[in-house]
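Asks: Pasting in a structure now, in structure tokens, and then I'll have a few things to ask.
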Ligand SMILES: [Zn+2]
């Protein structure tokens, strides 16, 4: 690690306190305040065993689930070491008790993003285990897994002190000294929940994307005899796909060239499923209201016959990645907060094992 951070959120690798002599930013700016809002996530036994003041009152359980504890929002200051304070009691974090339980300090924003990712991943909510409990058990599993194999630094349980060839450092933990001095950390510290300018960014993508080609005129150049579903008449295939969720329809088109032509996804399919959050669930702003969003939806005001290319927008943003080189020029104006949200979303989705059977 190049940056001396004594305590950080294991979901995003960003700190809980910003001191002006370390970061060349205004610590009171609205963009960075989210880093101060921390919650402790653990199970009830960990709360008892890792409380340092034995006579103190145990903090109140308020996660709505008996198997997991989520604290109210608290604050950590440099100099607090491994301890967090709740109701004037000190709790030791990221150290396991004798039965392997531990307390994770996490940004409130990162928890909110993780809950969205897990809920999407599970599709059908389980009565046996809450989303927060699944998050806690997944983090515990990673903690003990890395401890067992003695991989990397103790607190970096998701391996965030690493760099992706395509997109660069995965977190502030992997920034070089040069990057730190040049202020490259700022976007890692920008609020991932409230993103000013997000709809302007989406509008600019739509406005600079060429119109979609006319897919109905696509002709089939089959390289082999059709098989299975490919043999069905288009009308019958349409009736079947009417019952499929949008992601399954897109996946079906990728099965073969024949199905790519026969499974027809028109402009309305892409537009409606982007705007209702189905295809780009990390862009929850699309579900809201406001003049910018109305403009985004207001295709009636576009010149005659012009239709925004929602398919291209969905494909561009669905991976939530921003390559360093050879990046699509439409991504140049990406707001820092949206960039950070995508980074945290991908960390949760790719690093945590939401194996329901394992944790049930
Ligand atoms: Zn975080």
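Asks: With label points built 7 Å along Cα→Cβ from the Cα atoms of residue 306 and residue 287, find their separation and express it in nm.
Replies: 3.1 nm
Asks: Using a basic spin-label model with each label point 7 Å from the Cα along Cα→Cβ, how many nm lie between residue 278 and residue 66?
Replies: The two pseudo-label positions are separated by 3.9 nm.
Asks: Between residue 184 and residue 164, take the C-beta separation as r, use R0 = 22 Å, and let me know the FRET efficiency to the nearest 0.05.
Replies: Values: r = 15 Å, r/R0 = 0.67.
The formula returns an efficiency of 0.90 here.
Asks: To continue, here is another question. What residue among 98, 51, 211 has the largest mean-square fluctuation in a Gaussian network model of the chain, using Cα springs under 10 Å?
Replies: The residue that fluctuates most here is 98.
Asks: Oh, and also: Per-residue ellipticity at 222 nm for the chain, helices alone: DSSP H runs ≥ 4 residues times -39500 (n - 2.57), over residue total, nearest 500 deg cm²/dmol? Intermediate results must be reported in sequence, preceding the final value.
Replies: Values: 13 runs with 122 residues, N = 360.
Helices in the chain give a 222 nm mean residue ellipticity of -9500 deg cm²/dmol.
Asks: Here's another thing I want to ask about it. Using 0.36 nm times the number of residues separating residue 295 and residue 234, minus their current alpha carbon distance, what extension gain do you get? Mind showing how you got there, number by number?
Replies: Details: separation 61, 0.36 × 61 = 21.96 nm, distance 3.53 nm.
My answer for the length gained is 18.4 nm.
Asks: In Å and whole numbers, how far do the C-alpha atoms of the range 198-334 stretch along each principal axis, longest first?
Replies: Dimensions of the range 198-334 along the principal axes of its Cα atoms: 48, 35, 29 Å.
Asks: If neighbour count is taken as other Cβ atoms inside 10 Å, put 242, 191 in order from fewest to most.
Replies: Working: 242 8, 191 19.
Result, fewest neighbours first: 242, 191.
Asks: Expected output is a single nm value to one decimal: the length gained when fully extending between residue 211 and residue 75, i.e. 0.36 nm times separation in residues minus the C-alpha distance. What is it?
Replies: Numbers: separation 136, 0.36 × 136 = 48.96 nm, distance 4.89 nm.
Contour length minus Cα-Cα distance gives 44.1 nm.
Asks: So for the pair residue 203, residue 145, with labels modelled 7 Å out along Cα→Cβ, what separation do we get in nm?
Replies: 4.3 nm
Asks: Another question about this same structure. Relative contact order (percent) for the chain, with alpha-carbon contacts under 8 angstrom and 6 or more residues of separation? Mind showing how you got there, number by number?
Replies: Details: 474 pairs, mean separation 74.1, N = 360.
Answer for the chain is 21 percent.
Asks: Any chance you could run the full-extension gain for residue 321 through residue 254? It's 0.36 nm times the residue separation minus the Cα-Cα distance, nm to one decimal.
Replies: Contour length minus the Cα-Cα distance gives 22.0 nm.
Asks: Can you sort 115, 255, 178 from fewest to most other Cβ atoms within 10 Å of each residue's own Cβ? Mind showing how you got there, number by number?
Replies: On the way: 115 16, 255 13, 178 9.
The fewest-first ordering by Cβ neighbours comes to 178, 255, 115.
Asks: What do you get when you divide the Cα radius of gyration of the chain by 2.2 N^0.38 Å, with N the number of residues? Intermediate results must be reported in sequence, preceding the final value.
Replies: Values: Rg = 23.5 Å, N = 360, 2.2 N^0.38 = 20.6 Å.
Normalised Rg, Cα atoms only: 1.14.
Here, each number is a calculation from the coordinates, and none is a lab measurement. Note that the coordinates shown come from a computational prediction; the quantities given were computed from them, not determined experimentally. Quick reminder, even Gly has a Cβ in these numbers, built from the backbone with ideal geometry, and neighbours come from all protein chains shown.
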